[in-house]
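Structure first, commentary second.
What follows is calculated from the coordinates using simple rules that are stated; it is not laboratory data. Note that the structure is a prediction, hence the values are computed from the model and not measured. Backbone-built Cβ (ideal geometry, glycine too); neighbour counts: all protein chains shown.
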Amino acid sequence: MLEDLGHTVLEASSGEEALRLLREGPRPDVVITDHAMPQMTGAELAKRIAEQYPEIPVVLATGYAELPGGEGAGLARLAKPFSQKQLNDVLAMLAAAPQ
């Protein structure tokens, strides 16, 4: 869907791989992560990104209505399943947010 919207996409199969890609660059404008991943949740990945790369916004895609312990509070969210329009809307919101 991101490519259909004209974006360049880098894919990572885990949170650790995503952090490696961020270290190696180039850095993306935004990270979109699923919450349910092996070894590291999307909320944990978002926290690590915020600590190391605070300029990169993170969108958390999840099928959960509420996350345990308030995880992911303050993150942009996409409720799964989501449409291309919903994806585009959250990206537009992030692009319009003051940096």
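Quick notes on this structure:
- Filter result (in contact with a strand residue (DSSP E or B) (Cβ under 9 Å, 6 or more places away or on another chain), part of a loop (DSSP other than H, G, I, E, B) and surrounded by fewer than 16 Cβ atoms within 10 Å (Cβ to Cβ)) within segment 10-38: V30, A36
- Scanning segment 39-65 for residues that are polar (S, T, N, Q) and in a helix (DSSP H, G or I) yields a single hit, Q52.
- Residues that are among the acidic types (D, E) and farther than 22 Å from N88 by Cβ within segment 17-66 comprise E17, E24, E44, E51, E66, listed in sequence order.
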